Amino acid sequence: MTVERRNMAKKTASEKADKIEKPDKGSTSGDKGAGDKTPVENEEQSVELEPYTPTGNFEVDFCELCSRAGFPTMQVVPRPHRPPTPNVIPQDNTPVGKLDKKDEKKDESSKTEETGKVDGNENEEPPTTFNVKEKYHYFKPRVEVETEEEGNKSHIKEIYIRGWKIDDRILNVLTVTLPPLEKLTTIDFWNTGLQDNGLNTLATHIITHLPSLRTLCLDNNPVTLQRYGIFLGEESTVQNLSLRNCYVNDMGAKMIGRALTANKSLTTLNLCYNKISCEGASWIAKGLRMNRTLLSLNLGSNLIGDNGASKLAEVLSSFALTHEEVVARRLLISKKSPEEAGSPSRNLNAPTGGSKDRPASVRSGTHISKEDKKSREKRDSQKKKDTKKQETEKAKKIASTETVNKGVGKGKKVNTTKGDKKVQQPEQEQPEVVEFPNPLLENPIKEESGEIIIPGNRALINLNLSRNKCGEIGVEAFLISVQRQAEVTSSVAKPTGLMRLSLSRNLFPPENGSYQRLMELMQTRDPFYKPPQPSPVDETGASTKVGKTCLQS
């Protein structure tokens, strides 16, 4: 047994030695293998470093760069739409029993001819009620686009990437292919696994180069640093921002609130299904103090209690300016012209008795010299002449456009040539937008103990706080703020202020008295509210009662 074991050990040792010696003997083959591996690495480096000039066609550029990055099966497909409703087939109202026998024979012959034609066609088209697709086709990553014209993918308006992860390689591809799209208005990245670096590259390398972008949807993309305020800078063009189910906490709400103070483009903000508490709501309320562009704010399904609700209600009614805001207000007033400086808002801040170093100024008309009066009269005359010239020019332009419109049909563009100049007719009229002045320059309501109190935010018209933790204190605060808004807006020609408020499914019962009064008050402010009309049964009953009373009398 021992001899056999020794022989087996010798065989295994010899086999191992042969395996080790084989690559030494075939050094040429090993060198070939090493030579084969080096160009592959060089090719990968060349793919990363090779520059690419986009052609302007998003589908061609995106697919080419994805194939270079290692995604050869990536597709760009048009966004599916709901099929249109089928046309109603007209039906014959003639009864079946009165049909002639000849017509019945004709119908039978036509049916037999149609069946013969169908049987004769070997290549029958598939039915249009459904489409058979490959297995797991729904789960394959693809980019859905919406174009201005069907089949033309060069002018893309909307891009949708939903349900698959966007890593650094795809982001690098998007930084090359998206900026040339000048007509892109919507970006929707739902559940794409974006991280903090991805948000930064999206904001700095993509969105800043898209001047027509209006809607940005980043739902279900939670990040750790919560830097969502980078999408709301001063030069941002985003009007609709959706951050649903992004686990936005108080830190993210703080950054969003700070960005809202300087933002002048955002109109709708959706922050529902997040983790915002009273602290985050107070930061958003601070952002709404100086913001007059946001129209709709959705904070549903969060953790906001009475303290956060009262902070939001205070911003909507009236609030006192801080020391920094008072200083900024005085700077703005000082930069205005002397005529505007004599407005009531300026007089409220002006000191009446003057200081020790500088005496109070005298503004009576008796102390004005004759030269000052003459200079003022000259300025007034020049202003009148300038206004007359502007009015005559406007009248000429209106007359020219009216003459052009008379000989033109609807939906056609007209180019009238007058010499070498061309005049184009505007296609659509822009809707009127209520322009709010700078909040710091608004006329204050009152001054108490050295504090200047100004009207609150009247630009916000829709606020959703349903499914939070608000109690009766928060409801009472909103009732007081809406009542104050009604008092302020009664003197204004155009109605402004909160029009829709949702407080359902909170910690207070729906039978609460202040909540019912608040809902009654909001019904009168809701533009889509229709009062209940009396039913015809009630009207007939009332008329019969009136008739009986008349007969009895």
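The values are calculated or read from the model by the stated rules, or taken from the named source; none is laboratory data. Keep in mind the model is a prediction, meaning the values are calculated, not measured. Virtual Cβ from ideal backbone geometry, glycine too; neighbours counted across all protein chains shown. In case anyone asks, the SASA skips ligands and DNA or RNA and just uses the protein heavy atoms, side chains included. Shrake-Rupley method; radii C 1.70, N 1.55, O 1.52, S 1.80 Å.
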Given the criterion of a type outside the set (D, E, K, R) and under 17 Å from THR208 (Cα atoms), identify the matching residue among THR237, THR268.
THR237
Residue in the range 127-148 that is surrounded by the fewest Cβ atoms within 10 Å (Cβ to Cβ), counting only those that are acidic (Asp, Glu) and at pLDDT 80 or above:
GLU148
Residues GLU487, GLU472, GLU476, GLU520: which one is at pLDDT 75 or above, at negative phi and over 32 Å from the mean Cα position of the chain (by Cα)?
GLU472
Which number in (1) out of contact with any Gly (no Cβ under 7 Å at 6 or more places or on another chain); (2) touching a residue at least 40 places away in the same chain (Cβ under 8 Å) marks the one condition that PRO180 misses?
(1)
Determine if the range 161-175 includes at least one residue that is without any contact (Cβ under 8 Å) to a residue 60 or more places away in the chain, closer than 22 Å to THR268 by Cα and either open to solvent by less than 50 Å² (accessible area, probe 1.4 Å) or not in a loop (DSSP other than H, G, I, E, B) (or both).
yes
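The rows are residues; the columns are (1) in contact (Cβ under 8 Å) with a residue 24 or more places away in the chain; (2) in a helix (DSSP H, G or I); (3) more than 17 Å from the chain's Cα centre (by Cα); (4) surrounded by fewer than 21 Cβ atoms within 10 Å (Cβ to Cβ).
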| site | (1), (2), (3), (4) |
| --- | --- |
| ASN200 | yes, yes, yes, yes |
| THR204 | yes, yes, yes, yes |
| GLY233 | yes, no, no, yes |
| ALA253 | yes, yes, yes, no |
| ILE256 | yes, yes, no, no |
| THR261 | yes, yes, yes, yes |
| SER265 | yes, no, no, yes |
Please count how many residues of the range 177-198 are more than 17 Å from the chain's Cα centre (by Cα) and buried (at least 19 other Cβ atoms within 10 Å of the Cβ).
6
Among (1) modelled with pLDDT of 95 or more; (2) touching a Ser or Thr at 6+ places or on another chain (Cβ under 8 Å), which single condition is ASN291 missing?
(1)
I'd like to check something: does the range 149-156 contain any residue that is within 19 Å of THR192 (Cα to Cα), surrounded by 14 or more Cβ atoms within 10 Å (Cβ to Cβ), touching a residue at least 12 places away in the same chain (Cβ under 8 Å) and hydrophobic (A, V, I, L, M, F, W, C)?
no
Per the filter on the range 279-288, residues of a type outside the set (Gly, Ala, Ser) and open to solvent by less than 40 Å² (accessible area, probe 1.4 Å) are ILE284, LEU288
I'd like the full set of residues that are more than 15 Å from GLU447 (Cβ to Cβ) and surrounded by fewer than 13 Cβ atoms within 10 Å (Cβ to Cβ), limited to the range 314-331.
GLU324, VAL327, LEU331
